[in-house]
Each structure stands twice: as structure tokens, then as C-alpha cells.
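Worksheet for the structure shown next.
The values are calculated or read from the model by the stated rules, or taken from the named source; none is laboratory data. Note that the structure is a prediction, hence the values are computed from the model and not measured. Reconstructed Cβ throughout: ideal geometry from the backbone, glycine too, with neighbour counts over all protein chains shown. The protein model used for the area step is the full one, side chains on, heavy atoms only, and it has no ligands, DNA or RNA in it. Shrake-Rupley method; radii C 1.70, N 1.55, O 1.52, S 1.80 Å.
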Amino acid sequence: MINAKNSLYIFFASCLWLVSCIYFYRYEPNYKLDLYGHYKLFDFFHASNDIEYLYDSYFGLSILIFIINSLGLNKEFLSIFTLSIIFLSVFFINYQYAKNLSSIKKTVSFIICLMILPIFDYVSGIRFGCGIAFLLLFFTCDKKIFKLLFAILSISMHFFMVFFFLVFIISRLIPNLSKFSAFLFLFICISLSILFFQASNYITQLMQGLDVSSIFGRGGFNTYLSGHWGAGRFDLIDSKEKFVIYLNIYLFSLLSFYYIKKFNINNIINKFIFILLCCSCLFFFYNQIFTRISYVVILFMFLNSLNYHKSYSELKFTKFGCFLFLVISISFFTHVYSRMQYII
């Protein structure tokens, strides 16, 4: 891997990682961010060494705090570790799909991958960021023992990762689908998303009655469905933000149909992508669930289409390529704009 063909790719990724590490090491998180609470938890454990208090927190995060504290490192290394494992996972999965490209093109695709993923949110959240990183590493290795290890690490960091691994297992079991069946199923998911949006309060009550709210963390199921992380977000935003959301939904829908039309969906990776597309469309109006799934599926669509076309020049002049880069660009700039108050 370390040769003249990959020299620029390795150099650029290393420099960008170093600059990002310096930024996050010096970064003081806003009290609204999860990172603020994680730092407080680290400080409390560092001062008290209260193992029982630490074990009452999230399992993967507790282990990470315990290890970093035991090594004599300060709390900022929670962010540095998260950032490093994200960069490492993106570096390797990008290399896997773009290994036949030149070093410059690998570097460009690496930048696009980082644009697709909300890196600031992943690092400031730690748990979900590490979970996604281990998920991507799961897809980069061939040996079953390493796949099992990364799956355990991913789920231990964030329980939502169970969803992605269930989708991966289902993608290996479902029969082949015709193009018409795939289009129909996707259309049904989009239609159901409108119904779910209108019935979010009733769904929340049902889930609370079934006592499954704990699966989605301390915020409760209500936060992800009818609350401010779900359908309730539409009551808190202005018309401009609603327009951006509806535009993203429209473009993502077109992107999904174009992907099904263009690619053979009956191999394992495309079945995985297809199921994620359907789930994304099903939860269009539930902000956190939709974004958590859509970032991952857009990343895999980009990498898989890049591997298929072998060059940017061929990809970017297709209808699918135009919509793909348009969705990536809008998603990136709206994410940066919405996070400016925390980033600066």
C-alpha cells in the first residue's frame, strides 16, 4: 500500500488528520453537544475513580473512558481517538473501492467521503462516530474473526449499529428482485413515510406501551419520533429550513430510483444498499433516524458507483452521478451551515 502510486493519498490523509486532531484537541465543546457531557463524565471518573458510576453509563463509552484514563491521557483524547478511528476507517474503505485509481483520484474520493459523513457530529458524539467507524472497518476486512471483532466493537459503542448489521444479514438472505419489484417497494416506502409522519404521535404511544423506548437511549423513543429529533422538528424550524429538508427528500428519492435503475441490485452490497434506501425513504420525516441511515447509504452508493465507473469523468456526466454529487454538496453545505455556531 505504501508506494509511489499512493504517496499523495497517504500524505494528504495524514496531514488532514493531523490538522483535525489539533483542532479537536483545542476545541471547547458547547454545553448543548454530547461531547460536553462526555467530558464531564470523564472528569468525574478521573477525580473519583468511581467504577460503579462509570458502569451506569453507556458500555462502549465507559470502556473507552476507562482505558484513556488508565493510560494517563486527558479527556481530549476521547475526541482524538474518535477522529482517528473515523479517518482510518474512511481511509481503508475508500482505498478498497478506489484502489485501481491514481493517487490524486484516491485523494479526491477520500475528500468526498469525508464530505458525505458529518465528521463534526460523529466526533462530538463519540459513541455514534466510533460505531460508524467500526462498521466501516467491518466492511474492509475479509477474515471472519476481525469482522466479528468490529461488529462487537461497533454495537458496544452505539446500539443503533444493530440496525445496520441486521440489514447486512437480511441482504444475504433475501431473494433476487426484479427492477419492477424494487421500484414498487421503494415507492411504497416513500408513501408510507407520509403516513408515518402524520401518525407519529400514535406510533410513539404504541412504542411506549410496548416498552421499547430504552432501545433508543436516554432521550426515549418519543425524541426520535414525535420529538425534536423526529417529526416534531418541523414545528421548530422556519420555512427556509423546511424547504431545504423537502429539497433533500426530493433529490434523495430521485437518487434512489436512479440507483435502482442503473445498477444490478441482486448482489450482496447492492441488496444492502437497497434495503438502506428503503429504510431511509420510510423515515424521511424522522430527522435523526433518516440522517443516520442516509449518510451511510450515500457513502456506499458513491463508493460502489465509483468502483463501477472506474473514473470521475464517466460518473459525473451520468444522471445518477449528477444527482449524487448534488445531494452530497447540498447535504455538506447545509450541515456545515447548521453547525457553524458550534464549529467556530
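Laid out as a table, the results:
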| item | result |
| --- | --- |
| Scope region 9-51; condition open to solvent by less than 80 Å² (accessible area, probe 1.4 Å), more than 26 Å from the chain's Cα centre (by Cα) and aliphatic (A, V, I, L, M); matching residues | ILE51 |
| Filter result for ASN6 (touching a residue at least 12 places away in the same chain (Cβ under 8 Å) and among the polar types (S, T, N, Q)) | yes |
| Count of residues meeting criterion [buried (at least 19 other Cβ atoms within 10 Å of the Cβ) and in a helix (DSSP H, G or I)] in region 52-68 | 6 |
| Scope region 148-159; condition without any contact (Cβ under 8 Å) to a residue 12 or more places away in the chain and farther than 17 Å from TYR58 by Cβ; matching residues | LEU148, LEU149 |
| Residue that is farthest from the chain's Cα centre (by Cα) [pool: residues in region 69-86 that are at negative phi and assigned to a loop (DSSP other than H, G, I, E, B)] | LEU71 |
| Tabulated pairs, region 76-98, first closer than 14 Å to PRO29 by Cβ and in contact (Cβ under 8 Å) with a residue 40 or more places away in the chain, second open to solvent by less than 10 Å² (accessible area, probe 1.4 Å) and not in a helix (DSSP H, G or I), C-beta under 6 angstrom, 6+ apart or interchain | LEU78/ILE126; THR82/ILE126 |
| Residue check for PHE185: open to solvent by 10 Å² or more (accessible area, probe 1.4 Å), touching a Leu at 6+ places or on another chain (Cβ under 8 Å), under 14 Å from ILE275 (Cα atoms) and at pLDDT 90 or above | yes |
| LYS143 touching a helix residue (DSSP H, G or I) at 6+ places or on another chain (Cβ under 9 Å) and charged (D, E, K, R) | no |
| Members of region 256-282 found to be of a type in the set (Ser, Thr, Tyr), open to solvent by less than 10 Å² (accessible area, probe 1.4 Å) and in contact (Cβ under 8 Å) with a residue 60 or more places away in the chain, listed by number | SER256, TYR259 |
| Tally of residues being hydrophobic (A, V, I, L, M, F, W, C), under 24 Å from PHE138 (Cβ atoms) and over 18 Å from the mean Cα position of the chain (by Cα) across region 254-279 | 3 |
| Pairs where the first residue, in region 287-301, is more than 18 Å from ILE86 (Cβ to Cβ) and touching a residue at least 24 places away in the same chain (Cβ under 8 Å) and the second is among the basic types (Lys, Arg) and open to solvent by 10 Å² or more (accessible area, probe 1.4 Å), C-beta under 8 Å, 6+ apart | ASN287/ARG233 |
| Condition met for SER89 (open to solvent by less than 20 Å² (accessible area, probe 1.4 Å), under 18 Å from the mean Cα position of the chain (by Cα) and under 24 Å from LEU135 (Cβ atoms)) | yes |
| Failed condition for SER253, given (1) modelled with pLDDT under 85; (2) crowded, with 16+ Cβ neighbours inside 10 Å; (3) hydroxyl-bearing (Ser, Thr, Tyr) | (1) |
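Listed here are the residues, each with its yes/no results for (1) closer than 24 Å to SER62 by Cβ; (2) surrounded by 23 or more Cβ atoms within 10 Å (Cβ to Cβ); (3) of a type outside the set (S, T, N, Q).
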residue: CYS130; (1), (2), (3): yes, yes, yes
residue: ALA133; (1), (2), (3): yes, yes, yes
residue: CYS141; (1), (2), (3): no, no, yes
residue: PHE146; (1), (2), (3): yes, no, yes
residue: MET161; (1), (2), (3): yes, yes, yes
residue: ILE169; (1), (2), (3): no, no, yes
residue: ARG172; (1), (2), (3): no, no, yes
residue: PRO175; (1), (2), (3): no, no, yes
residue: PHE180; (1), (2), (3): no, no, yes
